[in-house]
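Everything below concerns the one structure shown next.
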Amino acid sequence: MERMIEGFDEFRRHTFPEQRELFQRLANGQSPHTLFITCADSRVMPEMIFSAQPGELFVYRNIGNIVPPYAQHVSGVVAAIEYAVKVLRVRDIVICGHSDCGAMKALQHPELLQEMPSVSAWLKHADVARHVVAENGPGLHAHDSLRCLTEENVVGQLEHLRTLPSVAAAMANGTVRIHGWIFDIAKGELRGFDAAAGRFLPIGHGHQLPQATPLARFAMRLATAAA
Ligand SMILES: [Zn+2]
């Protein structure tokens, strides 16, 4: 805990005075451009990775960067997504997995979860990835299987995301784009799911941003009607 108090003192002495104006501007409201859903893993720091300022990213973290599909039972992440889309009007939603994810390893070894009924129940929302990999890549080496599972989990959670009415409505008219990314901790690299290519492609300078969002049906219709 001392480490945290020292860190806060450092923030009070240096960071806050340097950014006082920004904090004052943000004191009465936020307008983040992106909802960033990622794993709770302590090694994944969205603000650091994207060199983001306060007020830019609306971050939601949970074990395994999971978005349960639309259902009667409401989860915290689903409520946060609805708020981000309807009130904050974010333009992009990113689901970001990462290398060496403990949740993905637990999917590979469910026996590790015997003493953790809550984690086990939560990870049921990642069953889609487990099944896709088990049925399509039975011969994969453990390392490749973990990478594949991590990718399929991001793809599966993107599909869940699209079942939420607020997201489906915003995607249909083109006001929200969705993205599925994976952060490699050892290399400091990002890859993103490209729906047309059906695989993850590099993200960054010199690369076109991989697209996971289908064409907006209503934006097209409006444009056609206007033409
Ligand atoms: Zn993780």
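The values are calculated or read from the model by the stated rules, or taken from the named source; none is laboratory data. Keep in mind that what you see is a predicted model, and the values were worked out from it rather than measured. Note: ideal-geometry Cβ built from the backbone for every residue, glycine included; neighbour counts use all protein chains shown. Note: areas computed on protein heavy atoms with side chains; ligands, DNA, RNA excluded. Shrake-Rupley method; radii C 1.70, N 1.55, O 1.52, S 1.80 Å.
Mind checking which aspartates and glutamates have their Cα closer than 19 Å to the Cα of K86? Skip sequence neighbours fewer than 8 apart in that chain.
Counting by Cα, and skipping residues close in sequence, K86 has these aspartates and glutamates nearby: E56.
Checking the cross-link filter: which lysines have an alpha carbon closer than 26 Å to that of K124, excluding same-chain neighbours under 8 positions apart?
Partners within reach: K105.
Find how many whole Å separate the alpha carbon centroid of the stretch 103-159 from the alpha carbon centroid of the stretch 57-100.
About 19 Å separates the Cα centre of the stretch 57-100 from the one of the stretch 103-159.
In the stretch 143-227, which trypsin sites (Lys or Arg not before Pro) fall in coil by DSSP and have 13 or fewer other Cβ atoms within 10 Å?
Hits after loop and neighbour filter: K187.
Return the carbon/sulfur percentage of the accessible area of the chain, one whole number, probe 1.4 Å, all protein chains in place.
Working: 7600 of 13630 Å².
The value for the chain is 56 percent carbon and sulfur by accessible area.
Within 10 Å of each candidate Cβ there may be at most 10 other Cβ atoms; applying that plus a DSSP loop requirement, which GluC sites (Glu not before Pro) in the stretch 83-171 survive?
Hits after loop and neighbour filter: E115.
Quick check: from the Cα gyration tensor, does the stretch 72-184 come out rounded (a/c under 1.5), prolate or oblate? Let's see the in-between values first.
Numbers: a/c = 2.40, a/b = 1.69, b/c = 1.42.
Note, shape of the stretch 72-184 comes out prolate.
Let me check I've understood the local charge: for W122, count other residues with C-beta under 14 angstrom from its C-beta, Lys and Arg +1, Asp and Glu -1. What total comes out? Working shown, then result.
On the way: positive: R61, K124, R130; negative: D127.
Charge balance near W122 sits at +2.
What list of ³J(HN,Hα) couplings, whole Hz, do you get for the stretch 73-79 from phi and the Karplus terms 6.51, -1.76, 1.60, once you set θ to phi - 60° and write x for glycine and proline?
Going residue by residue, I get 6, 8, 9, x, 5, 5, 5 Hz, with x marking Gly and Pro.
Using a probe radius of 1.4 Å on heavy atoms only, what accessible surface per residue do you get for the stretch 31-226? Whole Å² is fine.
Per residue, the stretch 31-226 has 54 Å² of solvent-accessible surface.
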